[in-house]
Every structure is written in structure tokens, then in C-alpha cells.
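Reading through the C-alpha cells given below for one structure.
The values are calculated or read from the model by the stated rules, or taken from the named source; none is laboratory data. Bear in mind the structure is a predicted one, so any value in this text is a computation, not a measurement. Note that each Cβ is placed from the backbone with ideal geometry, even for glycine, and that neighbours are counted across all protein chains shown. These area figures cover heavy atoms from the full protein model, side chains too; ligands, DNA and RNA do not enter into them. Shrake-Rupley method; radii C 1.70, N 1.55, O 1.52, S 1.80 Å.
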Amino acid sequence: MEAEARNPRRWWILVVLCLSTLVLVVDNMALTVAVPAMTEDLGASAQDTQWILDSYILVFAGLLLTSGSLGDRFGRRRVMLIGLLLFGAASLAASFCTSPGEVIAVRTAMGVGGALIMPSTLSILITVFDEDERGKAMAAWGSVSMLGLVGSPVLGGVLIEHFSWQAIFFINVPVVALALVAGVTLMPESKAPWQKADPLGAVLSATGMTALVWWIIELPQHGALGGRSTLTLVVAVLSLAGFVIWENVTKSPMVPLVLFKHRNFSGGSLSLALVQIGNGGLLLVLTQYLQFVLGYSAIEAGLAFLPLAVAALIGNGVGVKLSAAIGNRFVILGGMLLMVVCFALMATVDADSGFTLPAVALGLLGLGAGLAMPAAVAALMSTIPADKAGVGSALNDTIQQAGTALGIAILGSLLSSGFRAEMPADAPEGAGNSIAEALAVAQGDSGLVRAAREAFTASMSTTFTVSAIGVLVAAVLAAVVMRDGKKRPQEPQAGSGAEAGQALGSGSDSVKESELIA
């Protein structure tokens, strides 16, 4: 693309793409701060809270593999605008919700909108910017995503402090409206050669993942094989097995499983999935610790996550230089081992620990994620041929989103069941369901309040011990399976800062695919 042929509005178009991405990052990060206030106002159980978080992630991850082909076939701008419209409408509806079921429903709709937005924004960016400017554009996109990661918990805290938890959804509406107007007036339409869809693969994968996470969430209530759990597990196993078989025999697979024959792709994908399982429940658990155990306000809880975000930025900058010097594999290993130390420290926190130890742990987590995650994605993407870059990146993102969903489900279930087991046998009815309900039942009873906080931190320790083991396994897997090529890609520095954001629990896949511009 010659300079004179470049779209004169390309930098304004980038603003639209950044707004579209920012709204996803802000919504999901701010929501973690709002969980305690939302739980109290709606009377949501621990399982309801998990579904409020998981419903978005499941739908988002399940549709990513097919939404890209919709943009290619029907127009990327059109699909992105439809996604924005759906996301904005669902956000407006969420601000009027009065029950956990209603919030879960609108979060599901928001997940559909988010899945339509993300692949289209990347495709448009690559279409509008030529190779000379694409790196700058991706860097700007990554910086905006990291700004959202740092600022959204604080913004969420301010909105909850001065308004209500509904405000975190309503704030999306004007941003989406601005992005819609700018998209219609500034953005060109673009299409690619149509690729045949794989509806059966999409149905099997979505059904299997939904059933699997549902089964995990229901473990505290029904056990592994009690009640409807057996049926749910059977549906999950059959659907996922059917998906793998179908993808191997169909002529137009949604996921080319041959990619897993590459050591870096398979090792990178599985390592990232394990890391996301470890990270998935971190914000859910730590937010409750800050507000219910330490008594932080919503805005104080939001500010408490700043060490994590700042350290992630530092880790990303250092990681780019280290990857060029010693290779991705050792950077991944070092970063993940730092994350293991974080979870090990968090496992020692008790009701009297305060915030100093969690702050150190969050800093180590941010530094480790900033080192490991961009390097892992760079190594993974370097194995994918150019004609498979889009689906390879979508597959990588789906695996990470599935890992996040499983992490929230597994760690949330461990926290819930552990809390119930640690509470005194003579505690009032309902006090064993969650720390929020226990504090509500206590009504100033200092003994019960103390017991609830000790039970929560004890179950939290078990949860973070499992997280540490999961990330340690990921580190070993990366070191053993992955290899450094003779030529290491340099492109990940363009915007890969948002990789750390993704690693820290964000529902957005903001700049994860920046390596595709190589």
C-alpha cells in the first residue's frame, strides 16, 4: 500500500477500534469489583455469582471460532457494528436487572456481542493499516487495553461508591454509542473470500464446554455424580469427543487440529490454558477477601489491583528484551515460576494478614504474567502458516477463554465447598453458603464474623494452593514441550502489553492476535 493510497481516516478508524476493545476490557474488569455489592443487592448465591461471570466467557469463547468467518462473508464492519449494538443494548438492559437470572441472561447476550466485535476489529485494523504502520497501530491498541486494565477496577469502585453496581453496565452505553456513530461514518467495509462454516463443530464445542463448566459449578451442591451431575458430565464428554472426531473427518473443520502437531502450538496452548485456570478465579476470590475480610470499600478494592497492572507493564517491557536475548521458552518458564510464587504467597494469607502480603503477591503475578504471556503467544503464533493465522489465533484465544471459565468454575467451587466445611457446625442457617450471607446473618455478632472470615481465608488458601500447582504444571509443560526456533519473532512488542491483561482475568482478547501481523 503506497503512502498516497493509505486511508486518510485510518487513525480515526483506530480510535473506533480502540473504543470497541476498551468497552469489553472495562466491563469485565469493573464487574469483578462490583461482585460483592451485586451479590448483596440481588441476593445472589455463590453459584449465581460464578454463572454471572461464566455466562459471558462461555458464549464469548464458543463463538470466536465462527464469528471471524461471519465477518469475512458478510462484511467485517457490519458484523462489528452488530456486535456493538447487541453489547450496548444488553448493557442498558443490565442496568435495570433485579435478579441474578436476569443478569446472567444479559451477560450471555453481551458475550455474543463481544464475540462479534473482537475478530472484526483485528481484521479491520490489518486491512486499514499497511505493514509500515501496523506496528504503531497495534502498540496503540495494546496501550489502550492496558489503560482499561489499570483504570477499570478504580472506575468500577468510583461508580459503585457514588451510584450503584448497575452503573458499571450503564457506562458502556455512551461509549458504544460513540463507537457506533464513528464506525458508520468513518470505517470502510471489507470482506474476504468466503469460507464454509462448520455449524456442527460450533454446536458440539459450545455444548461440550457449557456442560463441562456447568458440571464443575454444580459440584458443591450435587457432587461429581450426584443428581443431574452424571447427565451433565455425559453430555460434556460425548460433545467434546464428538467435536474432536468431527473436526478430524469433515472437509471444512472449524478448528484444524493438525496445528496441535506443532510442539510450540500444543505446548503453548495447553500451558496458557493451565495458567488461565490458575488465574481464572483470582479476581473473584481476592475481591471478596478485600471487601468482606479486610472491609475495603469498592473503590479501595479497585485501587488494590494497581500493583498487578503496573508490574504487568514492567514485565512486558523486560520480557520483550529477554525473549530476543535468550529465547521465548526460558522467559515463559521464568515468568510462570514468578506466578507460582505469587499463588504460594497467597496461600499463606489468613484473616489477620492485612494487605501487605497480597500486594507483594499481586506485584509478582503481574511481573510474571507480563514476562510469560506475550512470549508464550509469540512462540505459539510463530508455528502457524500465514493462511492459518486467523483460525490459529482464534483457537488460541478460545483455549484461554475456556481455561478462564474452568478456572472460575473450579476455584469458585473449591472456595464455596471449603467455606462450608470450615464454618462451625452450630452456625446459623444460611451462614455456610458464602461469606456474604454469613456476614449478613451475623448482624454484629463478632464471634460469627470472626468465624466467617477465618473460614473464608482457610478455603482461600486451598484455592490458591491448587492455582499454584496448576501454574507450576504449565511452567514444566512449557519448558519440556516448547522449543525456540532459530529465528525469533520481534513483532510481539507491538501491543503485547494487553497479553498480561488477558492473563489477569479480562474477558477481552484485545491484542492477543498482534503477532499475526508478521
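Find the helices (runs of 4 or more DSSP H) located wholly in the stretch 96-199 whose residues include 1 or more that are touching a Leu at 6+ places or on another chain (Cβ under 6 Å), at pLDDT 85 or above and surrounded by fewer than 20 Cβ atoms within 10 Å (Cβ to Cβ), and list them.
Filter on the stretch 96-199 gives 100-128, 167-170, 172-186.
Could you run through the stretch 330-348 and say how many residues are surrounded by fewer than 21 Cβ atoms within 10 Å (Cβ to Cβ) and under 18 Å from Val293 (Cβ atoms)?
3
Suppose we filter the stretch 23-54 for residues that are open to solvent by less than 10 Å² (accessible area, probe 1.4 Å) and under 14 Å from Ser99 (Cβ atoms); how many remain?
Looking only at that region, the number is 3.
Tell me, which residue of the stretch 400-448 that is of a type in the set (Val, Ile, Thr) and open to solvent by 30 Å² or more (accessible area, probe 1.4 Å) is modelled with the highest pLDDT?
Of the residues in the stretch 400-448, the ones of a type in the set (Val, Ile, Thr) are 404, 408, 410, 435, 441.
Add one more test, that the residue is open to solvent by 30 Å² or more (accessible area, probe 1.4 Å), and what stays is 410, 441.
On the way: Ile410: 79, Val441: 82.
Top of the filtered list is Val441.
Name the one entry in Leu448, Leu439 that is in contact (Cβ under 8 Å) with a residue 60 or more places away in the chain and among the hydrophobic types (A, V, I, L, M, F, W, C).
From the options Leu448, Leu439, the qualifying one is Leu439.
Report, ordered by the first and then the second residue, all pairs with beta carbons closer than 6 Å, sequence separation of six or more or different chains, a first member in the stretch 204-233 that is within 18 Å of Gly412 (Cβ to Cβ) and at pLDDT below 80, and a second member that is in a helix (DSSP H, G or I) and open to solvent by 40 Å² or more (accessible area, probe 1.4 Å).
Within 6 Å, the pairs are Ile216/Ile410; Pro220/Ser417.
Evaluate the stretch 321-329: report whether one residue or more is among the basic types (Lys, Arg), at negative phi, open to solvent by 30 Å² or more (accessible area, probe 1.4 Å) and without any contact (Cβ under 8 Å) to a residue 24 or more places away in the chain.
yes
Please list, ordered by first then second residue, the pairs with beta carbon atoms under 7 Å, 6 or more apart or interchain, first in the stretch 454-475 and more than 17 Å from Tyr289 (Cα to Cα) and open to solvent by less than 30 Å² (accessible area, probe 1.4 Å), second assigned to a helix (DSSP H, G or I) and among the aromatic types (Phe, Trp, Tyr).
Pairs that qualify, where the first residue is more than 17 Å from Tyr289 (Cα to Cα) and open to solvent by less than 30 Å² (accessible area, probe 1.4 Å) and the partner is assigned to a helix (DSSP H, G or I) and among the aromatic types (Phe, Trp, Tyr), are Ala468/Phe343; Val471/Phe343.
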